[in-house]
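**Student:** Before I ask anything, here is the structure I am working with.
The values are calculated or read from the model by the stated rules, or taken from the named source; none is laboratory data. Since we're looking at a predicted model, the values are computed, not measured. Cβ placement follows ideal geometry from the backbone for every residue including glycine, while neighbour counts extend to all protein chains displayed. In case anyone asks, the SASA skips ligands and DNA or RNA and just uses the protein heavy atoms, side chains included. Shrake-Rupley method; radii C 1.70, N 1.55, O 1.52, S 1.80 Å.
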Amino acid sequence: MESANHTGIAEFVLLGLSDDSQLQPLFFGLFLCMYLVTLLGNLLIILAVTSDSRLHSPMYFFLCNLSFVELCLTSATIPKMLVNIQAQRKDISYRGCLTQVYFLMIFAGMDNFLLTLMAYDRFVAICQPLNYTVIMNPRLCVLLVLLSWLIMFWVSFFTFYS
């Protein structure tokens, strides 16, 4: 009878940027500032697009969705990194790592999908200017974004469970 290795991984050790404890506050402040600027910038874009009725066009609809995805993408990783820097810990649980990778895949894929949709929107606006409002109607825009979310949820899900 052959015995198999049944050890499990409980956590990963993250090497980080530097082992120098004097640089940790500098890294924390730098990443915190960049995170807050990213949050504020994307929230301002969402607020501007939703509050001004002149910006209710397909291009700004996609831009608003892109800002939301960027908020989610940065919020999937940076807070954990800030906690680890502040607590002088360099570990992440196996489940936490898988969860972070799952959401990173979703939001990075959505980023790409939304940039593609924005390119298609500009293509239609340039190549079919007279049919633009008929082709890029609000219903199609919402459908394209929802389809993108659905595809990314399924791709990320089946990546882990295949």
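**Student:** Of all residues in segment 119-129 being more than 21 Å from the chain's Cα centre (by Cα) and open to solvent by 50 Å² or more (accessible area, probe 1.4 Å), which is nearest to Gln22 (Cα to Cα)?
**Tutor:** Only one residue fits best here, namely Arg122.
**Student:** In segment 23-56, how many residues are under 30 Å from Arg139 (Cβ atoms), within 23 Å of the chain's Cα centre (by Cα) and among the small types (Gly, Ala, Ser)?
**Tutor:** Residues in segment 23-56 being under 30 Å from Arg139 (Cβ atoms), within 23 Å of the chain's Cα centre (by Cα) and among the small types (Gly, Ala, Ser): 2 in total.
**Student:** Which is touching a residue at least 40 places away in the same chain (Cβ under 8 Å) and in a strand (DSSP E or B), of Ile92, Ile85, Ile78?
**Tutor:** Exactly one of Ile92, Ile85, Ile78 is touching a residue at least 40 places away in the same chain (Cβ under 8 Å) and in a strand (DSSP E or B), namely Ile92.
This table checks each residue for (1) open to solvent by less than 50 Å² (accessible area, probe 1.4 Å); (2) basic (Lys, Arg); (3) in contact with a helix residue (DSSP H, G or I) (Cβ under 8 Å, 6 or more places away or on another chain).
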position	(1), (2), (3)
Asn42	yes, no, yes
Arg54	no, yes, no
Ser67	yes, no, yes
Thr74	yes, no, yes
Ser93	no, no, no
Met105	no, no, yes
Leu117	yes, no, yes
Asn131	no, no, yes
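**Student:** Go through (1) part of a helix (DSSP H, G or I); (2) modelled with pLDDT of 95 or more; (3) out of contact with any Ser or Thr (no Cβ under 8 Å at 6 or more places or on another chain) one by one and return the number of the condition Leu130 breaks.
**Tutor:** Every condition holds for Leu130 apart from (1).
**Student:** If you don't mind, there's one more thing I want to ask. Of all residues in segment 133-162, which are open to solvent by less than 90 Å² (accessible area, probe 1.4 Å), of a type outside the set (S, T, N, Q) and not in a helix (DSSP H, G or I)?
**Tutor:** Residue satisfying the conditions is Met136 alone.
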